[in-house]
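Working notes, structure below.
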Amino acid sequence: MPETVLVTGGAGFIGSHTCVELLDHGYEVVVVDNHVNSSPQALERIAKVAGRPLTAAHDVDVRDRAALSAVFAAHRVDAVIHFAAHKAVGESVSLPVEYYDTNVGGTCTLLSVMRRHRVRRLVFSSSCSVYGEAESGPLTEHSPVAPTNPYARTKLMCEQVLADVCAHFAELRVLALRYFNPVGAHPSGLLGEDPRGVPDNLMPYVAQVAVGRREELSVFGADYPTPDGTGVRDYIHVMDVAEGHRVALQHLDEHSGMQVFNLGTGTGTSVLQLVNTFARVSGRPVPHRTVGRRAGDVAALVADASAVTAAWGWTTTRDLTAMCRDAWQFQQLNPDGYSSRSSLAAGPTTGESPCS
Ligand code: UD1
């Protein structure tokens, strides 16, 4: 009998790609998402890309204990992947209560509902932002944590809650994955990152400049102690992130308690390297201008990605060219995101139900 995985935040950027990866590998997938920052259309796209439907999709807020419990009662859940959270660093500074409530409160509610329904396997969506002001050199899972904003603190707090709960309930199995910078899209161009308003992050901004939706990119600082002076990050293809979650599920039972892993490539890329690669891959110019540093940014954040390879025999396979190519494909086919009426978006998905 196939395993059923409940995915919170399954309509979001990383969640939707992970749902496709799970469906492609024979899992039954139940989505919980309140669509506060995701489009219900992503659920239709998941079914279309995977060629088979989700088992169910529930419009539920993870803080709603009764509604969440009803979802668990309706399905035989074998494992949970918990993505549902707020994720904008800047917004977290002005809306700290909302961030702690949803990210930490939602995780606590989920844990208590899981316990009530005797579900004991969880993969948690964490972030490299827990490292904060980085040490020089690649970050291992043992590098010191020093989050610098409320968003990052919510992720670290969740990890601490999970560790404490695991220490008490011996049957729980938890893997927390600290992603570096997920970018790119599904190679079909049907699924991708669809930020609301002006994108905060580099790749979606670059894609919108290349497609002509925005005039130019502001490069936030060219005076960092990096080879070309611009910020260096560890970009990871969202399909590698999705694959990482699927592989994590297979390794959940190997250790008791909680484990933490980085999910990155181990390769650093500067802003200008990414811009130049995107321009080459898309064949479009990406006008850009250097402005001052963005508050809170650090020079470089790169993973030591070796622990996950040693533990699972798995590694990322998609390079920067693939990340730019797939992001560009999604941007071209969906110039205004999921609400675009491009030929593809307006095609046969209309009227299809993603759920059986
Ligand atoms: C941020 C979050 C991280 C989250 C990631 C992906 C922090 C400090 N950062 O990472 O938690 O996982 O988003 O969602 O917690 N840049 C420009 N111009 C732009 C936008 C960005 O030059 O218009 C530069 C930035 O200065 C940085 C690089 O591009 O050097 C990447 O920025 P961004 O995509 O926003 O990701 P991070 O800030 O690294």
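The values are calculated or read from the model by the stated rules, or taken from the named source; none is laboratory data. None of the values given here were measured: they were computed from a predicted structure. Positions of Cβ are generated from backbone atoms using ideal geometry, with glycine treated the same way; all protein chains shown enter the neighbour counts. When the accessible area is computed, the model is the full protein with side chains, heavy atoms only, and any ligands, DNA or RNA have been set aside. Shrake-Rupley method; radii C 1.70, N 1.55, O 1.52, S 1.80 Å.
Before moving on, here are some points about what is shown:
- Per-selection metrics, the range 136-243 (Cα): Rg and Dmax in Å: 17.8, 55
- Net charge, Cys158 excluded, C-beta distance under 12 Å - Lys, Arg +1, Asp, Glu -1: +1
- With all protein chains in place and a 1.4 Å probe, the accessible surface of the range 113-195 carries 51 percent carbon and sulfur.
- For q = 0.19, 0.22, 0.28, 0.29 Å⁻¹, Debye-computed log10 I/I(0) when each Cα of the range 161-213 counts as one equal scatterer: -0.74, -0.86, -1.17, -1.21
- What the Cα convex hull of the chain gives, in volume per residue, is 126 Å³.
- For the range 1-128, the convex hull spanned by the alpha carbon atoms encloses 102 Å³ per residue.
- Surface accessible to a 1.4 Å probe, per residue, for the residues of the range 18-64, Å²: 36 Å²
- Carbon-plus-sulfur accessible fraction, the range 19-86 (probe radius 1.4 Å, protein heavy atoms only): 48%.
- Kirkwood hydrodynamic radius (C-alpha pairs) into Stokes-Einstein, the range 278-338, 4 °C and 1.567 mPa s, D in µm²/s: 85 µm²/s
- Remark: C-alpha extents of the range 199-339 on the principal axes read 51, 38, 23 Å, sorted largest to smallest.
- Normalising the Debye intensity of the range 66-189 to I(0), with uniform scatterers on Cα atoms only, and taking log10 at q = 0.11, 0.14, 0.20, 0.23 Å⁻¹ returns -0.43, -0.68, -1.18, -1.34.
- Per-residue ³J(HN,Hα) for the range 287-296, Karplus 6.51 cos²θ - 1.76 cosθ + 1.60, θ = phi - 60°, Hz, x for Gly and Pro: x, 8, 9, 7, 10, x, 4, 8, 4, x
- Amide hydrogen neighbours beyond the local backbone of Gln259, cut-off 5 Å, H modeled: Val174, Leu175, Ala176
- Both numbers refer to the Cα atoms of the range 1-51; Rg and Dmax are 10.1, 33 Å.
- Longest to shortest principal axis, alpha-carbon extents of the range 184-259, angstrom: 50, 36, 20
- On a per residue basis, the range 134-269 carries 38 Å² of accessible surface, using protein heavy atoms and a 1.4 Å probe.
- Near the amide H of Asn149, within less than 5 Å, lie no amide hydrogens of residues on another chain or at least 5 residues away, with H placed in the peptide plane.
- Over the chain, Cα pairs under 8 Å with separation of 6+ residues give a relative contact order of 20 percent.
- Note on Gln250 and Asp64: the model spin-label points, each 7 Å out from Cα along the C-beta direction, lie 3.6 nm apart.
- Convex hull (Cα only) mean projected area of the range 257-304, reported in nm² to one decimal: 5.5 nm²
- Accessible-area composition of the range 199-273, carbon plus sulfur, in percent [1.4 Å probe]: 43 percent
- Annotation: amide H of His58 within the under-5 Å range of Val31, Val32, Asp33, sequence separation 5 or more or interchain, hydrogens built in the peptide plane.
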